[in-house]
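Can you keep this structure in mind? I'll have questions shortly.
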Amino acid sequence: MNVRMVLSGALAAGLLVPFAVASPSSADRGPAPHRDLVSYVDPLIGTANGGNTYPGAVRPFGMLSWSPTSTKGDQTDTGAANGYQYDTTRVRGFALTHVNGAGCHPGAAGDVPIFPHVGQVATSPTADTKDQTYASDFSHADETAEPGRYALGLANGAETDFAATTRAGIGTFSFPRGQQANLLFRTSNSLNGSEDATTRIDPRTQTVSGSVLTGGFCGRRGNGGGSNKFSYYRLHFTAHFDQKFVRTGTWVDGQLRPGTTSASGGEGYETGSKRAGRGSGGYVGFDTRRAVTMRIGISYTSLAAAEANLAAELTPRATVDRVAAAGTKAWNRQLRRVEVAGGSTPKLTTFYTALYHSFLQPNITSDVAGTYLGADRKVHRLKRGQRAQYGNYSGWDQYRAHTQLLALLEPRIAGDFAQSLLNLSRQNGGVWDRWVHVNGPTRVMTGDPSAPTLAGMNALGVDNFEVEAAFDSLVRQATVPNPAGLSDYGCPGQCAGMRPNLAEYLRLHYAPQDTCHCWGGAAETLEDSAADYGLAQWAKRLGRTREAQRFTDRAGWWRNTFNPRATPTAGYQQARNADGSWVEPFDPTSDLGFAQGSSATYTWMVQHDVHGLAALMGGDARAVARLDEFFRSGYDPTNEPGIHTPWLYNALGQPWKTQQTVRDYMDRVYGTGPTGLPGNDDLGTMSAWYVWSALGIYPQTPSRGEMLLSSPTFPKVWINRHGGPTTMISAPGASADAIYVRSARLDGRSWTRSWLPASVLNRGGDLTVRVGDRPRTSWGSSPQDVPRDR
């Protein structure tokens, strides 16, 4: 039973008390929700057009993701950040780990690619630098990708079929009869290379095991003379086969060693000819009269843990079909966090694939026994009450849409994730890194995203982590200068300091372009203001009055990089030097002083003080006119600093323009097929934006629980919070043309505000939105109905 909320006179003040919400099974609530949600997921969405998704077999938040590694005729170039590009139809292996939608090429992971080679292994696979021999073409007609399962038939005659559990996988390999059949373990060949690798073959037990020591996130980026070329994790694997080996062999660099059973050697972290011909691995051969079944387990702590993970998740009698069927059930359960009624098949496919991508991360990095690899590269155990350790945190991206969706739908996982980040910071000298890959701090991007991430989670009721300890640690990071903040190592994209040159920032109240030791002074100022606002809001909830006031004041420092005379006609965010002078020349389309964006985009990155920004622009009407022009000429929907901007009209008193603009970009840049994402998915961020938009709600700021309102795309939606209440959103008559809110009711009573209080989602609610094909400009536009900043 869900908790019933009864609205009283407190409704006018935005305060809610519990009321009941009908479950999707209720017979008196109109259309029923769709049930077989997996059938609407297409893992190939985003595998072209720079989406950098991967199509392979994976469970929700899985450690193992078994997916193809393609090749463009170069062992170090797969054509995409995560090893698979739809338009590159030649494959060199099937790797065990991936990151969804990383934005650099190559991105990360792609560990231990395994390739079914038909024919004799006559030369070292590492010496095949152009992938002419030990790779195969394929056709998408021979490819099947679905949640938890992936199958591909190769032009060389081999056929593969894989299914995944959380930390293990099972696969079959079929080979043409009458030819040699070999499986190549390219152990050293992670996407970015490796420092070391080992391969061990045991014919007696019919196993292949080993490990790869790797890292090197964003391997082609040359920041700081190669600051990203370092190792931070070792992945261990153990593979068990149901057939005897008819041959074995290994290789090291260009030397093939038939009959041997062990090899070691890494590739380094260079690209192209500097890495070509280096590395190690092994191969095993099979009788081709029947398909070969392999069960494989992985771990970041030890080979023994990989064995234990395999034993816990896959029995010796497991089959691909059974494991895949269990995966379908697991994904259907996961996707039912949001159930919808109505909608066309293309819209359902776009929506549920976006939700699927949102549930691919964070990724479990702990073993079944509760051990995990820390940021200090030591083995640790889970904290009391913590169910799993998680890694893969693209903070600068995810804090703007993804982490709030995780908090809403999976609060326990969000809490474990928050605890995971706290654990890693403790193992990293108290530093909360901006981009964590597995366990490793990579320093990628800018700002201090952990502060708004955890503040936003807590605002949505997530508290199953060391809340006060995390808050105190993030306050220290924001107030106590760290020596790394004075270094330019890794700049611009991987600057060593998390709050770079903090002492100067605290003195000047902005990040100076000439001495900030950051990617861009204006961007850093905006990011830190957003982070400080998150700490202020969090402090208020904790009753920490002094910190709340301190960080509320600091949240306004974005004003110090707003130049009201940046151009003859308009004010913009602009980088400043330490002496107070503005960095010239200035152009709103330039990225000088910014990170992956222009001043035209970053000027709007003040979600927590929209009215203050509008006042500096000359008032709400002038801000609306500028926003209109921005969408006509300067908006880039593919990158995170501006993904919130379509929703700003709500605060400016013209929510019908939010409704129009959001739906326009949903229809224009999202869709079905490999090109269905507008750009890097960035660990589910762009997908999460679509999920929010389809629901007709979006976080007002990353660090609060209030939601901005727009028009839902489905007639009925049930948001089934795991372990909590259900929120129901009804939009009778929702369609492609009915994009405007005509009126709204919350628990049966008129609702004229263009936002919802956090209590609706935290305690459950029943929202009905009447939609139409013409805007109703009076709804949500009066001063008392627009969202406030504080």
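Would you mind ranking 693, 280 by Cβ crowding within 10 Å, fewest neighbours first?
Details: 693 26, 280 31.
In order of increasing Cβ crowding within 10 Å: 693, 280.
Same structure, new question: Got a sec to turn the phi values of the stretch 608-613 into Karplus ³J(HN,Hα) couplings, 6.51 cos²θ - 1.76 cosθ + 1.60 with θ = phi - 60°, whole Hz, x for Gly and Pro?
For the stretch 608-613, the Karplus-derived couplings read 7, 8, 4, 5, x, 5 Hz, x marking Gly and Pro.
Once Lys and Arg get +1 and Asp and Glu get -1 on their Cβ, which of 722, 536, 358 lies farthest toward the positive end of the dipole of the chain?
Among 722, 536, 358, the one farthest towards the positive end of the dipole of the chain is 722.
Sort out for me the Cα centre separation of the stretch 566-620 from the stretch 435-467, rounded to whole Å.
For the stretch 566-620 versus the stretch 435-467, the Cα centre distance is 27 Å.
Can I ask one more? Please list, in order along the stretch 107-116, the HN-Hα scalar couplings obtained from phi with the Karplus expression 6.51 cos²θ - 1.76 cosθ + 1.60 (θ = phi - 60°), rounded to whole Hz, x for Gly and Pro.
x, 7, 6, x, 7, 6, x, 10, 10, x
Within 10 Å of each residue's Cβ, count the other Cβ atoms and sort 67, 529 from fewest upward.
Working: 67 30, 529 26.
Lowest count first: 529, 67.
Further question on the same structure: Just check the stretch 121-200 against the gyration tensor rule for me: Cα atoms, a ≥ b ≥ c as the square roots of the eigenvalues, rounded for a/c under 1.5, and otherwise prolate or oblate depending on whether a/b exceeds b/c.
Details: a/c = 1.70, a/b = 1.15, b/c = 1.48.
In terms of gyration-tensor shape, oblate.
From the phi of every residue in the stretch 751-762, what ³J(HN,Hα) in whole Hz does the Karplus formula 6.51 cos²θ - 1.76 cosθ + 1.60 yield, where θ is phi - 60° and glycine or proline is x?
10, 9, 7, 8, 7, 10, x, 4, 4, 4, 7, 6
Moving to a separate point now. Would you calculate, for the chain, the mean residue ellipticity at 222 nm contributed by helices, counting each DSSP H stretch of 4 or more residues as -39,500 (n - 2.57) and dividing by all residues, to the nearest 500? Can you show the working numbers first?
Working: 17 runs with 189 residues, N = 790.
Here the helix-only value at 222 nm equals -7500 deg cm²/dmol.
While we're looking at this one, here's another question. Rank by packing, highest mean first: peptides 334-346, 557-569, with packing defined as the count of other Cβ atoms within 10 Å averaged across residues. Mind showing how you got there, number by number?
Numbers: 334-346: 19.2, 557-569: 16.8.
The packing order, highest mean first, is 334-346, 557-569.
At a 10 angstrom cut-off on C-beta neighbours, averaged per residue, how do the peptides 775-784, 56-65 rank from highest to lowest?
Working: 775-784: 15.4, 56-65: 27.0.
Going from most to least packed, we get 56-65, 775-784.
Pull out a ≥ b ≥ c, the square roots of the eigenvalues of the alpha-carbon gyration tensor of the chain, then state rounded if a/c is under 1.5, prolate if not and a/b is larger than b/c, and oblate in the remaining case.
Working: a/c = 1.92, a/b = 1.46, b/c = 1.32.
Prolate.
What aspartates and glutamates could a cross-link reach from residue 329, if we take a straight Cα to Cα line under 20 Å and drop same-chain neighbours fewer than 8 places away?
Correct list for residue 329: 36, 42, 146, 161, 313, 321, 339, 410.
Which entries in 229/378; 229/274; 540/657 show an alpha-carbon gap greater than 23 Å? If you can, show how the numbers build up before the last one.
Working: 229/378 20 Å; 229/274 13 Å; 540/657 32 Å.
Result: 540/657 exceed 23 Å.
Tell me, what is the percent relative contact order of the chain, built from C-alpha pairs under 8 Å that lie six or more residues apart? Before the final figure, lay out the partial values.
Values: 2130 pairs, mean separation 103.0, N = 790.
Relative contact order for the chain comes out at 13 percent.
With an 8 Å Cα cut-off and a minimum separation of 6 or more residues, compute the relative contact order for the stretch 57-330 in percent.
For the stretch 57-330, the relative contact order is 21 percent.
Can you give me the long-range amide H partners of residue 69? Hydrogens built in the peptide plane at 1.01 Å from N, cutoff under 5 Å, separation of 5 or more residues or another chain.
Long-range HN contacts for residue 69: 92, 93, 94, 95.
What does the highest-first list of 268-275, 760-767, 421-428 look like by mean Cβ count within 10 Å?
Those peptides, ordered most packed to least, come out 760-767, 421-428, 268-275.
Against the longest principal axis of the chain, how steep is helix 685-695, in degrees 0 to 90 to the nearest 10, with axes from Cα atoms?
Value to nearest ten degrees: 50.
Is the stretch 57-330 rounded, prolate or oblate when judged by the Cα gyration tensor, a ≥ b ≥ c being the square roots of its eigenvalues, rounded requiring a/c under 1.5 and prolate requiring a/b larger than b/c? Each step should come with its number before you reach the end.
On the way: a/c = 1.31, a/b = 1.17, b/c = 1.12.
Judged from the Cα gyration tensor, the stretch 57-330 comes out rounded (a/c under 1.5).
Quick note: the coordinates plus some simple rules give every number you see, no bench work behind them. Just so it is clear, the structure is predicted and the values come from calculations on it, not from any experiment. As a convention, Cβ positions derive from the backbone with ideal geometry for all residues, glycine included, and neighbour counts pool all protein chains shown.
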